[in-house]
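Chemist: Before I ask anything, let me first share the structure, which is written out below as structure tokens.
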Amino acid sequence: MTIELGHLALILAFVIAAAQAGIGFAFWRANEMAQRFVKHAALLQFGLVGLSFAALVQAFMSDDFSLRLAVQHSNSLQPMLYKFTSTWGNHEGSMLLFVLTLTLFGAAVAAFGRNLPNELKTLVLANQGLMVAAFSAFVIFTSNPFWRLDPAPFDGTELNPILQDIGLAIHPPLLYLGYVGFSICFSFAIAALVSGRIDAAWARWVRPWTLASWAFLTLGIAMGSYWAYYELGWGGWWFWDPVENASFMPWLAGTALLHSAVVMEKRNALKIWTIFLAIVTFSLSLLGTFLVRSGILTSVHAFASDPTRGTVILAMLAALIGGAFTLFALRASSLRHGGLFAPISREGALILNNVFLAAATTGVLVGTLYPLVLESFTGARITVGAPFFDLTFGALMVPLLLLIPFGPFLAWKRGDLVAVGQRLIAAIVVTLVLSLLVFAFLGFPVTLAPIGLGIGIWVMVGAIAEIADRIAAGRVTPAQSWARLKGLPRTAWSTAIAHFGVGVSVIGIVCATAFQTEIVTSMRAGETIEISGYSVTYQGETQVGGPNFTAERGSFAIRSPWDGVREVTSERRIYPVSGTSTTEAGIRTYGLSQMYVQFGERFGTDGRVVRLWHKPFVLLIWLGTLFMASAGFLSLTDRRLRIGAPTVARNRTKPVEARP
């Protein structure tokens, strides 16, 4: 009965969403009754879809194998955590989670957007209701998760063993909170185009939602990267997989949107571009939905292989995205461009930032879609691999990284590049000294790695210099600097922390890519291999059993140059129900570096193929993303960024050498 209630709740949510969209768009102008209906409909939708999703979770957790989806993606022997995550470890369940996330953000606007103009909020919720109606209809009519089986089988075929990991509990929800969260920015853009109200206040209202979505997406991508790193046994943290790219492109576009919204908020400029980015960012999120579920990709990320569903999704995306761009084309010419500014200014720096990010997004998009389009039209199959993406993306990111520290030092409207260079002279000197020390420590190699490290150091030092300049360090007394430090707004801290995190990740990427050591060899019990100053001894293997698998476990002793001997195990697991095997890598962390051990195939009668990696400073990659995401959440706590929050005027003493 619970399943039927969940199905009914989803159908009711669809009906209410359709009514919300129709009434909202029809009566958004000064109709108080319609505005109240749209608000309460958004809240009710969230409750109904939440009930529907809870019913599905309950079926999985209670081993209800009369549910077809549970039979296909769960098993009574699975640990309880994996029964729970099996709910969205499939196409139908993940689409219901997608709809739940859409309703969550709509309900959040209804509940917390009290200071939004009623007409604008009504249009935002109407558009959100339209998307909920479209995707809930897709779930009901083409991807029904509540389909019953009669008679019910005794047990299920289990979740894909690769997905039986804590990562499935964290990665997809964070990812959905990220790129589905951009639906609110999309709805704000549509509302602005319909109403014609596009000004600095609009940018102030949309920016918190952009920040929240961007921060969640940053965490989601980082978690997915680390999950692939330790689970797939390849020792890599990024593979330029098309579905990885599908989540990365909205992140790039969202980063551009975040910076563009700042210009619009502060200077009432870049209106057309900001609206365009809001549409593009969510459009790229929808593109990822199509790639994962259309069946045109074969990937560990892909949930579905049904071309019919793919055709339906493509038609929905064509209607949503095509309609949005049609509206944009009709209304963009009537928008005012806003404030003027010189090329050398804070606005100019942020525009240049947008240019590089937009070009990088385009490069990733072309590399991802070109093989698919070529195959569709000619039947020829080609692969666009890492060398293309590394060269294209890297060439665009290097100048952007070099320019990052300059932006915060430039004045709004008109800046002085020479004066900025003078204020950054200390940062430049520190960067050069540190880079030379790193270069000397590496033995002056003829590679690009020291340059990459120098760029990362430059971005980090530039972020510190930004804070130092804001508190007038060295220009006023320490007591005055400390007072300024305590009085800095959280948005200032968040900008510096985010940029610092970018530098940290760059250093981690360079170190893990350029300086990692890899050995693939055969080992017998008692044999020792030397790698990067570490001694790895193979101690033998044992047979172990899990709740729903059996495993061959290899034990290794790792002697580090300074930390004694530590043991690590790596497994080759067999899941009898599905007949699938997986590799569980053994990882030991030493500071910010890691030793990575993969227990491979049998070699001869008593040997094993063993793959060893030493990955120096690899954890900096994910540490940097934590800095970036935390900066986004920190900025959200700034009262001045809250929707409609007034700024209390305070008497201020005249600052010494105040920043422009």
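Chemist: Quick check on my filter: what residues within region 229-251 are among the aliphatic types (A, V, I, L, M) and within 16 Å of Leu284 (Cα to Cα)?
Modeler: Listed by number, the residues that qualify are Val243, Ala246, Met249.
Residue by residue, here is whether (1) of a type in the set (A, V, I, L, M, F, W, C); (2) modelled with pLDDT under 90; (3) under 28 Å from Leu219 (Cα atoms) holds:
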{"site": "Lys121", "(1), (2), (3)": "no, no, no"}
{"site": "Ala134", "(1), (2), (3)": "yes, no, yes"}
{"site": "Asp155", "(1), (2), (3)": "no, no, no"}
{"site": "Leu159", "(1), (2), (3)": "yes, no, yes"}
{"site": "Ile166", "(1), (2), (3)": "yes, no, yes"}
{"site": "Ile170", "(1), (2), (3)": "yes, no, yes"}
{"site": "Tyr176", "(1), (2), (3)": "no, no, yes"}
{"site": "Ala189", "(1), (2), (3)": "yes, no, yes"}
{"site": "Gly196", "(1), (2), (3)": "no, yes, no"}
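Chemist: Residue check: is Asp469 over 30 Å from Phe633 (Cα atoms) and in contact (Cβ under 8 Å) with a residue 60 or more places away in the chain?
Modeler: The answer is no for Asp469.
Chemist: OK, next. Out of all the residues in region 91-114, is one or more outside the structural domain of Thr210 (by TED's automatic domain parsing), over 23 Å from Tyr176 (Cβ atoms) and surrounded by fewer than 19 Cβ atoms within 10 Å (Cβ to Cβ)?
Modeler: Yes, some residue in region 91-114 is outside the structural domain of Thr210 (by TED's automatic domain parsing), over 23 Å from Tyr176 (Cβ atoms) and surrounded by fewer than 19 Cβ atoms within 10 Å (Cβ to Cβ).
Chemist: Within the set of pairs 6 or more residues apart or between chains, which connect a residue that is closer than 17 Å to Asn160 by Cα inside region 565-582 to a residue that is assigned to a loop (DSSP other than H, G, I, E, B) and β-branched (Val, Ile, Thr) with Cβ atoms less than 9 Å apart?
Modeler: From residues that are closer than 17 Å to Asn160 by Cα, the pairs are Val577/Thr157; Ser578/Thr157.
Chemist: Here's a follow-up. For the structure I just gave you, tell me whether Ser213 is surrounded by fewer than 20 Cβ atoms within 10 Å (Cβ to Cβ), hydroxyl-bearing (Ser, Thr, Tyr), under 30 Å from Phe27 (Cα atoms) and outside the structural domain of Thr101 (by TED's automatic domain parsing).
Modeler: Judged against the criteria, Ser213 is not a match.
Chemist: Are there any pairs, at least 6 apart or on different chains, whose C-beta atoms fall under 7 Å, with the first in region 431-442 and closer than 15 Å to Gly456 by Cβ and the second of a type in the set (Lys, Arg) and surrounded by 14 or more Cβ atoms within 10 Å (Cβ to Cβ), and if so, which?
Modeler: Cβ pairs passing all conditions: none.
Chemist: In the set Phe182, Phe146, which member is crowded, with 23+ Cβ neighbours inside 10 Å, among the hydrophobic types (A, V, I, L, M, F, W, C) and in contact with a His (Cβ under 7 Å, 6 or more places away or on another chain)?
Modeler: Phe146
Chemist: Which members of region 346-383 meet the condition of being free of Cβ contacts under 8 Å to residues at least 24 places away in the same chain and of a type in the set (A, V, I, L, M, F, W, C)?
Modeler: Val355, Val366, Leu369, Val373, Leu374, Phe377, Ala380, Ile382
Chemist: Which helices (runs of 4 or more DSSP H) does region 168-277 wholly contain that include 2 or more residues that are of a type in the set (D, E, K, R)?
Modeler: Output list reads 200-231, 242-267.
Chemist: Regarding Ala152, is this residue outside any loop (DSSP other than H, G, I, E, B) and not assigned by TED's automatic domain parsing to the domain that holds Ala318?
Modeler: no
Chemist: Taking the conditions exactly as written (touching a Lys or Arg at 6+ places or on another chain (Cβ under 9 Å) and assigned to a helix (DSSP H, G or I)), does Gly407 satisfy them or not?
Modeler: yes
Chemist: When you scan region 506-519, do you find a residue that is surrounded by fewer than 14 Cβ atoms within 10 Å (Cβ to Cβ), modelled with pLDDT under 90 and not basic (Lys, Arg), even just one?
Modeler: The answer is no, given that none of the residues of region 506-519 is surrounded by fewer than 14 Cβ atoms within 10 Å (Cβ to Cβ), modelled with pLDDT under 90 and not basic (Lys, Arg).
Residue by residue, here is whether (1) surrounded by fewer than 24 Cβ atoms within 10 Å (Cβ to Cβ); (2) under 27 Å from the mean Cα position of the chain (by Cα); (3) touching a residue at least 40 places away in the same chain (Cβ under 8 Å) holds:
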{"residue": "Ala134", "(1), (2), (3)": "yes, yes, yes"}
{"residue": "Phe138", "(1), (2), (3)": "yes, yes, yes"}
{"residue": "Thr157", "(1), (2), (3)": "yes, no, yes"}
{"residue": "Gly178", "(1), (2), (3)": "no, yes, yes"}
{"residue": "Ala189", "(1), (2), (3)": "no, yes, yes"}
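Chemist: Given the criterion buried (at least 17 other Cβ atoms within 10 Å of the Cβ) and within 30 Å of Pro153 (Cβ to Cβ), identify the matching residue among Ala42, Ala34, Ala70, Ala21.
Modeler: Ala70
Chemist: Only one of these is at pLDDT 85 or above and within 19 Å of Ser143 (Cα to Cα): Leu277, Leu291, Leu320, Leu286. Name it.
Modeler: Leu286
Chemist: On to the next question. Name the residue that is farthest from Phe500 (Cα to Cα), counting only residues in region 443-456 that are among the β-branched types (Val, Ile, Thr) and touching a residue at least 40 places away in the same chain (Cβ under 8 Å).
Modeler: Out of the qualifying residues, it is Thr447.
Chemist: Additional query: Here are some conditions: (1) farther than 25 Å from Phe65 by Cα; (2) modelled with pLDDT of 90 or more; (3) out of contact with any helix residue (DSSP H, G or I) (no Cβ under 7 Å at 6 or more places or on another chain). Asn115 meets all but one. Which one does it not meet?
Modeler: Of the numbered conditions (1) farther than 25 Å from Phe65 by Cα; (2) modelled with pLDDT of 90 or more; (3) out of contact with any helix residue (DSSP H, G or I) (no Cβ under 7 Å at 6 or more places or on another chain), the odd one out for Asn115 is (2).
Chemist: Moving on. Of all the residues that make up region 193-207, how many are closer than 18 Å to Gly254 by Cα and surrounded by 21 or more Cβ atoms within 10 Å (Cβ to Cβ)?
Modeler: The total comes to 5.
Chemist: Report, ordered by the first and then the second residue, all pairs with beta carbons closer than 7 Å, sequence separation of six or more or different chains, a first member in region 254-281 that is on the phi < 0 side of the Ramachandran plot, and a second member that is surrounded by 23 or more Cβ atoms within 10 Å (Cβ to Cβ) and not in a helix (DSSP H, G or I).
Modeler: From region 254-281, the pairs are Ser260/Leu270; Val263/Ala269; Val263/Leu270; Met264/Leu270; Lys271/Ile198; Ile275/Ile198.
Chemist: Could you tell me which residue of region 385-427 is surrounded by the fewest Cβ atoms within 10 Å (Cβ to Cβ), considering only residues that are free of Cβ contacts under 8 Å to residues at least 24 places away in the same chain and either in contact with a strand residue (DSSP E or B) (Cβ under 9 Å, 6 or more places away or on another chain) or of a type in the set (Val, Ile, Thr) (or both)?
Modeler: Selected residue: Val418.
The values are calculated or read from the model by the stated rules, or taken from the named source; none is laboratory data. All figures in this text were calculated on a predicted structure; none of them were measured in a lab. A quick note on method: Cβ atoms are made from the backbone with ideal geometry, for glycine too, and the neighbour counts reach across all protein chains shown.
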